[in-house]
Amino acid sequence: MDPDAANLKQPSSLNFMFLPPQVSEISVDCEWRYKTPYPQLGFRPFTEGALGNGDSFGLYWPIGLEAREPLVVETWHDSWQIQPTYSSLSSFLDAFKDAEDEYPEPPSLEEDARSPRALFFEAKQRVQSQAVDDAVALLEQALDVLPEYTDALCLLWAQYVRQGRIDEARVVAVKAIIAPPSFGQRATKQLRWLQGQDDAPQLADDPIWQARADLKLSYGGAKTNGDYAIYRTAIQAYLSASRFIEACTLMQTYGELMHAETVSFQEREGFVRLDYVTEQIAASGKLPNGPRAEP
């Protein structure tokens, strides 16, 4: 991918993206090294609130929003999931204080009005109540905070379709396909719907839209999988078009999916974890406020 990748080093400190004012109140792991695609670039763990089973809370800067204050997310290592629980470090610290050094429960919208997780779950309730407009507004708020929130993208797509906002639904469907599996389900329904769409002028140059008929979004248990070649081609197309947010997002998705494959599959695909993470860091340096790890 990026020819400059081999010249980059691993991150060694926390001065590469915007830091929240209260960062001195937590014990950030300043020796953290990105060795595998999960947890992803832009994540930095800290010890407060950790359950001691490998899961931890951490700062997370959404892709392309590195100049903003980070979220506080929670890792679920058994399922390789990340929960975007708190909209800010101050919100987490309030919850942690109230929990008296125990595990802080996820906040409600009343407690954290911009928590992506709280917005998403409230939107699900509104969908069940047939309050589609309300659900859309909540999901759009969640995605303003965390644009690569896969579960929110998938749910928003469904509501746009219900509202007849087909052009917007197509765009969101593509975003859901390239969004990381650590933030939610694979967008199989969205892909099948896109495969039945004939014309989308606003997506004419998008490589995922162009390749939609050949994508499967099914991983594991097979000797070969054509999705990975499609993703590699799409990443290069996004980079060539200076669409660096899409490129970095799809690189994260590719890395997480490939990381879950067998070693023999990875070898057949020429996937080397440390080399790939280095390529991700290089690509993220093209973001306006990148890189997402200090070179």
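Of note:
- Matching residues in region 261-279 - criterion: being among the β-branched types (Val, Ile, Thr) and in a helix (DSSP H, G or I): VAL263, VAL277, THR278
- Qualifying residue in region 190-208 (condition: within 20 Å of ALA123 (Cα to Cα) and part of a helix (DSSP H, G or I)): yes
- Whether a residue is open to solvent by less than 70 Å² (accessible area, probe 1.4 Å), modelled with pLDDT of 90 or more and in a strand (DSSP E or B) was assessed, and LEU59 passes this test.
- Some residue of region 200-207 being acidic (Asp, Glu), surrounded by 12 or more Cβ atoms within 10 Å (Cβ to Cβ) and within 15 Å of ASP167 (Cα to Cα): yes
- Residues of region 222-247 satisfying the condition of being in a helix (DSSP H, G or I), open to solvent by 10 Å² or more (accessible area, probe 1.4 Å) and not aliphatic (A, V, I, L, M): GLY226, ARG232, THR233, GLN236, SER240, PHE244, GLU246
- Taken over region 252-288, residues that are touching a residue at least 60 places away in the same chain (Cβ under 8 Å), of a type in the set (A, V, I, L, M, F, W, C) and buried (at least 18 other Cβ atoms within 10 Å of the Cβ) amount to 7.
- Which listed residue is basic (Lys, Arg) and over 19 Å from GLU148 (Cβ atoms), from ARG292, ARG243, ARG273: ARG273
- Test set (1) open to solvent by 30 Å² or more (accessible area, probe 1.4 Å); (2) at pLDDT 95 or above - ASP112 fails condition number: (1)
- In region 74-104, the residues that are out of contact with any helix residue (DSSP H, G or I) (no Cβ under 7 Å at 6 or more places or on another chain), modelled with pLDDT of 90 or more and part of a loop (DSSP other than H, G, I, E, B): SER88
- Inter-residue pairs, beta-carbon under 8 Å, first in contact (Cβ under 8 Å) with a residue 40 or more places away in the chain and under 29 Å from PHE43 (Cβ atoms) and in region 148-168, second among the small types (Gly, Ala, Ser) and crowded, with 23+ Cβ neighbours inside 10 Å, 6+ apart: GLU148/ALA179; TYR149/ALA142; TYR149/ALA179
The values are calculated or read from the model by the stated rules, or taken from the named source; none is laboratory data. Keep in mind that what you see is a predicted model, and the values were worked out from it rather than measured. Heads up, the Cβs are rebuilt from the backbone with ideal geometry, glycines too, and the neighbour counts pull from every protein chain shown. Heavy atoms of the whole protein, side chains included, go into the accessibility calculation; ligands, DNA and RNA do not. Shrake-Rupley method; radii C 1.70, N 1.55, O 1.52, S 1.80 Å.
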